[in-house]
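Every number in this text was worked out from the coordinates using simple rules, so none of it is lab data. Quantities reported herein were computed from a predicted structural model and do not represent experimental measurements. Counting neighbours? That spans all protein chains shown, and the Cβs are built from the backbone with ideal geometry, glycine included.
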Amino acid sequence: MGVNRLLRATSGLRRAAAALSVCLLTLTNTVSALAQSAEGFKAELTVRADQPRGTINRNIYGHFAEHLGRLIYGGLWVGEGSSIPNTRGYRNDVLAALKRLNVPVLRWPGGCFADEYHWRDGIGPRDKRPRRPNASWGGADTNAFGTHEFLDLCELLGAEPYVNGNLGSGTPQEMMEWIEYMTSDSDSTLANLRRQNGREKPWKVPYFAVGNESWGCGGEMRPEFYADEYKRYATFVKNHSGNHIQKLAVGSQSDYYEWTEVLMSRAARQMDGLSLHYYTLPTGDWAKKGSATEFGEREWHATLARTLRMDEFIEKHSAIMDKYDPQKKVGLLVDEWGTWYDTAPGRDMGALYQQNSLRDAVVAGINLNIFNNHADRVRMANIAQVVNVLQAMILTDGDKMLLTPTYHVFEMYKVHQDATLIPVELTAPEYRSGEASVPTLQASASRDKAGAIHVSVVNLDPNRAAQVTLKINGAAHANVTGRVLTAQAMNATNTFERPEAVKPETFTGFKSEGGAITLSLPSKSVVVLELR
Ligand code: AHR
């Protein structure tokens, strides 16, 4: 054998050995993953139907639509002349998908954009409306979507409008006149202008916010200054013609407790609600937030650990609110929440478009459970945002549309809207990553008006299934059904090529014997059960 042939033969052998070792490694990983998931972990979940609490306000399942990226233009609104099928300019596919969610409330026009928005730009004939730069998010706004378009959309969806006023660059007079324009049935000049623009009857506008993030993009204010400004502006937020407005004050972000303390001590009597904003970043670092789709178990765990902090923030802000408002007249409104990732390469940074994976579905399930369990104080929550922006329900690309994993969680959880909260007790192991640990399971439950009990459970563990003994105290149940959302991969997504890769399936992992129910919850899953 010549030297060259010998070298070729040995390198062939090395390649074969390397390939074999990759096979063995894959096999070992698969076997250990199978062993882990077959082994699972044991847990107990007790649903205290004998201890009903208050009502879960349906507005916890609320949404948010800002003039940002492709949310309004392209996502909701394409205009009457578009080749994309539409109803008076609203995309039919998006409208139909949102109707299936029972959207209870929709917040508009921002966000940061609210404090630069002047409502008169968005009324009257569309071809006469001014184009304005969107100073918050880039590009120009044609103002084709304005007050009439927003309030008509709410009517089409059967959602209550939540209008966010401009405190940062507007005046109390502008705010006062906007409200009169929308809600007055009188013979005033502004009510007549609305009629002239095509709307005879006034709209009902039950929620109106005085500014947005006034500690940041809304004006960089100190809480003391904002509290005074809030009271001044809120004085001119008037009720007309039987419309009753709940006045909402700008609240804190995450752990900015001093803001809540100052606002509650100085202005609690003048407000119906105080907001809270908290975004989940996998890294917690705004300069390098993390990818929406390229992540491993470390980032999965870190994201869930950070999103669970919502519970702590609500607890602590509520404790401050309790000091000044023990009767809980003022609602805590989490009117911006959700995941926020780095913009994918090649995408417009200002548009905040991001993919949405099974991890987002788990984040949604966790947060909605937290809000349900704090229904005594949390009266509204608005995920950011509804289409094509941040943790969206819906993504569009031209005439194509897909429903995200997060959409499916909202659709599965809609049974909790306006149902009676039932406390749950969970005994489950921790899910650890290095030094950090989170619960493996997290849940909430409610009883709807027809008497059915709904239990939503999230298995945060991406490797192990949960064997759960479910006990229902204080209610009989003859029939159990359920749905589950899961996928093989933590970062599974729906794409325009495979729009149904992640979608709910019928849940069959339960046994009901002699009054005892056992559940087998897949790893990394969201399950909603119905017991009748
Ligand atoms: O949701 C995107 C932005 O996040 C909102 O405009 C602002 O209120 C927040 O900082």
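Observations, loosely collected:
- Seen through its C-alpha gyration tensor, with square-root eigenvalues sorted a ≥ b ≥ c, the stretch 95-233 comes out rounded because a/c lies under 1.5.
- Packing-based ranking, highest mean first, of 41-52, 126-137 given that Cβ atoms within 10 Å are counted: 41-52, 126-137
- Annotation: amide H-H contacts under 5 Å for residue 510 (H modelled 1.01 Å from N, sequence separation of 5 or more, or interchain): 520.
- Local electrostatic count at residue 480 - Lys and Arg +1, Asp and Glu -1, tallied over other residues with Cβ under 14 Å: +2
- Annotation: peptides 423-429, 331-337, 508-514, 77-83, ranked by per-residue average of other Cβ atoms within 10 Å with the highest first, follow the order 331-337, 423-429, 77-83, 508-514.
- Taking Cα atoms only, the orientation of helix 147-157 departs from the longest principal axis of the chain by about 50 degrees.
- Whole-number D in µm² s⁻¹ for the stretch 38-134, Kirkwood Cα-pair radius fed into Stokes-Einstein, 20 °C, 1.002 mPa s: 124 µm²/s
- Calculated from backbone phi, Karplus (6.51, -1.76, 1.60) coupling profile of the stretch 315-322 in Hz, x at Gly/Pro: 4, 6, 5, 5, 4, 5, 4, 4
- The stretch 346-355 - phi-based ³J(HN,Hα) in whole Hz, Karplus 6.51/-1.76/1.60, Gly and Pro as x: x, 9, 6, 4, x, 8, 6, 7, 8, 6
- The value obtained for the stretch 398-532, namely the Cα convex hull volume divided by the number of residues, is 138 Å³ per residue.
- Within-13-Å neighbourhood charge of residue 384 [Cβ basis; K, R +1; D, E -1]: -4
- Rough spin-label spacing in nm, given labels placed 7 Å along Cα→Cβ, for residue 315 and residue 294: 3.7 nm
- The calculated pair-distance distribution of the chain uses every alpha carbon pair, bins of 10 angstrom beginning at 0, and gives 4, 18, 27, 25, 15, 7, 3, 2, 1, 0, 0 percent.
- Ranked by how many other Cβ atoms sit within 10 Å of their own Cβ, fewest first, the residues 374, 148, 317 fall in the order 148, 374, 317.
- Listed by Cβ neighbour count within 10 Å, with the fewest neighbours leading, 477, 454 appear as 477, 454.
- For residue 382, residues with placed amide H under 5 Å, excluding near neighbours: 334, 335, 336, 337
- By other beta-carbon atoms within 10 Å, ranking 142, 506, 235, 440 with the fewest at the front produces 506, 235, 142, 440.
- Across the chain, Cα pairs under 8 Å and at least six residues apart give a relative contact order of 19 percent.
- Restricting the chymotrypsin sites (Phe, Trp or Tyr not before Pro) of the stretch 357-425 to loop positions (DSSP other than H, G, I, E, B) with no more than 15 neighbouring Cβ atoms within 10 Å leaves nothing.
- Inverse mean reciprocal Cα-Cα distance (Kirkwood Rh) of the stretch 467-519, Å: 13.5 Å
- Here the label points at residue 197 and residue 498, each 7 Å from Cα along the C-beta direction, are separated by 4.7 nm in the simple model.
- Net charge over other residues, Cβ less than 11 angstrom from the Cβ of residue 291 (K, R count +1; D, E count -1): 0
- What the phi angles of the stretch 508-524 give under the Karplus curve with 6.51, -1.76 and 1.60, with θ = phi - 60°, is a coupling list of 10, x, 9, 10, 10, 9, x, x, 9, 10, 10, 10, 10, 8, x, 4, 6 Hz, glycine and proline written as x.
- Mean separation of Cα contacts under 8 Å (6+ apart) over length of the stretch 55-134, as relative contact order %: 31 percent
- Taking amide H as placed 1.01 Å from N in the peptide plane, the amide H of residue 105 sits under 5 Å from that of 63, 160, each at least 5 places away or on another chain.
- When you count the other C-beta atoms within 10 angstrom of each residue and take the mean per peptide, 108-114, 251-257 line up highest first as 108-114, 251-257.
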